[in-house]
Amino acid sequence: MKQNTSRGWISINFMDVFDIQGGTQPPKKEFIYKEQEGYIRLLQIRDFGDKPVPTYIPKKKTLKICNEDDILIGRYGASVGRICTGMPGAYNVALAKVIVPSQLYKKFVYFLLQSDVFQKAVLSTERSAQNGFNKEDLSEIPVPLPPLNEQKRIVAKLEKLLAKVEACQERLDRIPTILSRFRQSVLAAACSGRLTADWRDTDHSHEYDYPITWKEVILGDIVKNLQQGWSPKCEIHPSPSNEVWGVIKTTAVQSLNFVESENKKLPAHLKPRTDLEIQKGDVLITRAGPRARAGVTCLVSSVRPKLIVCDKVYRFHAKQSDILAEYLVYYLNSPSAISIIDELKTGISDSGVNLTQKKFLALTLCIPPPAEQQEIVKRVETLFQKADRIEQRYHKAKAYVDKLTQSILAKAFRGELVPQDPNDEPASVLLERIRTERAKQETEAKAAKKSKKGSKGGRKKKKPAEPKQLEIPGIDVC
């Protein structure tokens with residue numbers, strides 16, 4: 001025990017006051033997925049996320065049970081150290097329950113365990129990610145312990161501040177959707193003539209679905225050199241440099257954006273298809289894959305050497321005498337074009353569809369005169385630049401807010417979040433009460449065990465072997 005610099009605080013090791021109790025792993029053959037009498041909810045890590053899968057198992061005395069206000073810690077894999085609460089049930093081996101002394105304020109412990117004070121120590125445990133931590137791993141983790149009344153003041157303050165942080169995060173999370181809708185609205189206005197209505201002469205205003213100066217064309221008449229890419233068996237990792245050939249993945253083609261780092265390395269024994277090397281000015285559209293990914297279009301404005309088009313992507317060029325490549329890509333990403341292209345896709349399931357060359361090239365579109373195309377491209381770029389600046393500010397704000405919770409928790413557990421009261425009972429006295437209560441419980445447990453043994457008529461029974469920690473490699477902790 002060490003004295004903390006904050007008045008009345010002390011620093012203790014985790015296992016000085018807490019304990020943990022591992023869960024149980026019932027066989028999957030006992031699982032049912034509808035609540036039924038005689039069954040209890042099995043709590044798994046995934047049940048505390050966005051996509052819970054309610055699972056129920058037969059009630060047994062051997063199960064480890066938790067109440068709604070109990071605190072659970074993730075023990076394995078990517079979920080090590082994750083703090084869960086708010087659900088009653090029988091928790092599995094991927095979780096451990098924190099046994100909190102009744103003398104402590106449980107909500108305070110909940111926030112403490114989420115802070116870097118505890119999290120960094122747990123995540124640094126050598127064996128935790130593979131086999132799960134045990135009591136020994138936690139025994140030397142130092143944690144601060146303030147007076148009980150201050151624990152309650154800290155919790156009250158944290159609940160107010162973190163509620164504001166959460167509200168801020170929710171508002172920030174809406175911004176990407178707003179920006180996406182804004183860009184789609186811009187493209188819809190651009191490709192219908194509304195964006196440049198003030199630019200055209202009044203004699204050329206809308207008389208039909210499109211301005212009278214616009215003309216209907218077939219896509220195949222205004223593009224050239226359409227090619228389908230190559231499908232060699234590539235290495236998993238990307239091409240490391242401009243000197244090594246690579247084949248792009250479909251994820252390289254994003255809406256209005258080409259991501260050259262999304263590629264796979266071409267094996268050295270394969271001769272590259274130089275005729276499919278991606279060049280500046282290429283228009284790319286995904287032709288196959290999940291429905292949401294097929295039909296995505298971008299213009300290659302810059303690209304490193306030695307990247308090849310993959311077989312699930314078409315590469316083509318705009319005939320500059322008829323249409324600007326920039327305008328064509330804006331059109332193919334507009335809501336109306338996306339809707340039409342979606343109807344052209346073939347396939348029996350959304351997980352695998354295809355856009356054939358014949359149907360794609362037969363697509364009809366209405367295009368403005370060259371001068372208006374240039375004006376549309378100019379205006380769209382101006383509006384998109386404004387959206388990009390807002391997006392950059394959003395990322396900075398989100399990065400700040402994402403760190404804010406830990407900053408607040410750090411301040412709380414340094415004793416700097418709420419005022420201290422010299423009249424509070426020191427944490428050292430609280431610790432002595434916890435130790436006294438724990439010693440009493442241990443004495444009573446030993447007495448009960450001795451009494452039970454004596455009631456057997458003095459018959460000696462073989463002492464059961466100490467249970468070994470269960471090692472469960474590869475356990476599903478979804």
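Miscellaneous remarks
- Exposed loop sites were defined as GluC sites (Glu not before Pro) in DSSP loop states (anything but H, G, I, E or B) carrying at most 11 other C-beta atoms within 10 Å; in the chain the longest segment without such a site runs 244-415.
- Only helices enter the 222 nm calculation for the chain: every DSSP H run of n ≥ 4 contributes -39,500 (n - 2.57), and dividing by all residues gives -11500 deg cm²/dmol, rounded to 500.
- Summed residue charge, Cβ within 12 Å of ALA439's Cβ, Lys/Arg positive, Asp/Glu negative: +1
- Per-selection metrics, the range 148-286 (Cα): Rg and Dmax in Å: 25.8, 79
- For the range 53-201: Kirkwood Rh in Å [reciprocal of mean 1/r, alpha carbons]: 19.5
- Projecting the alpha carbon convex hull of the range 223-273 along each direction and taking the average yields 4.4 nm².
- Taken per residue, the accessible surface of the range 1-116 reaches 49 Å², heavy atoms only and a 1.4 Å probe.
- Candidate values (i) 1.03; (ii) 0.97; (iii) 1.13, label of the one derived for Rg/Rh (Cα atoms, Kirkwood Rh): (iii)
- Using only alpha carbons, the range 79-128 has a radius of gyration to Kirkwood radius ratio (Rg to Rh) of 0.97.
- Compactness ratio for the range 347-391: Cα radius of gyration over 2.2 N^0.38 Å (N = residue count) comes to 1.84.
- Pairs from the table (LYS59/LYS152; LYS97/LYS398; LYS135/LYS446) lying more than 28 angstrom apart at Cα are LYS59/LYS152; LYS97/LYS398.
- For the range 257-288 versus the range 338-400, the gap between their alpha-carbon centres in whole angstrom: 21
- Geometric extent, Cα atoms of the range 44-128 - Rg, Dmax (angstrom): 13.3, 38
- A 1.4 Å probe run over the protein chains yields, for the range 250-376, 43 Å² of accessible area per residue, whole-number rounding.
- With 5 Å bins from 0: P(r) over the range 219-310, alpha-carbon pairs, percent: 3, 14, 25, 26, 19, 9, 3, 1
- In units of the rule-of-thumb radius 2.2 N^0.38 Å, the range 253-356 shows an alpha carbon radius of gyration of 1.12.
- Here the label points at THR436 and GLU243, each 7 Å from Cα along the C-beta direction, are separated by 7.5 nm in the simple model.
- For the range 1-85, the Kirkwood radius over C-alpha pairs fed into Stokes-Einstein at 10 °C and 1.306 mPa s yields D = 102 µm² per second.
- Among the chymotrypsin sites (Phe, Trp or Tyr not before Pro) within the range 105-199, those in coil by DSSP and having at most 16 neighbouring Cβ atoms inside 10 Å are TRP199.
- In the range 252-307, trypsin sites (Lys or Arg not before Pro) in a DSSP loop with at most 10 other beta-carbon atoms within 10 Å: LYS280
- Directionally averaged shadow of the range 369-433, computed from the convex hull of its alpha-carbon atoms, nm²: 7.0
- Counting only protein heavy atoms and a probe of 1.4 Å, the accessible surface of the chain is 51% carbon and sulfur.
- Within the range 97-169, trypsin sites (Lys or Arg not before Pro) in DSSP loop having at most 15 other beta-carbon neighbours inside 10 Å: ARG127
- Counting only heavy atoms of the protein chains and using a 1.4 Å probe, ASP350 has close to 100 Å² of accessible surface.
- Under 18 Å from a label point set 7 Å out along the Cα-to-Cβ vector of LYS319, the amide N atoms of the range 214-234 belong to 214-227.
The values are calculated or read from the model by the stated rules, or taken from the named source; none is laboratory data. Treat the numbers as computed from the prediction; the structure is a model and nothing was measured. We place every Cβ from the backbone using ideal geometry, glycine too, and count neighbours over all the protein chains shown. Side chains included, ligands, DNA and RNA excluded: accessible areas come from the protein's heavy atoms. Shrake-Rupley method; radii C 1.70, N 1.55, O 1.52, S 1.80 Å.
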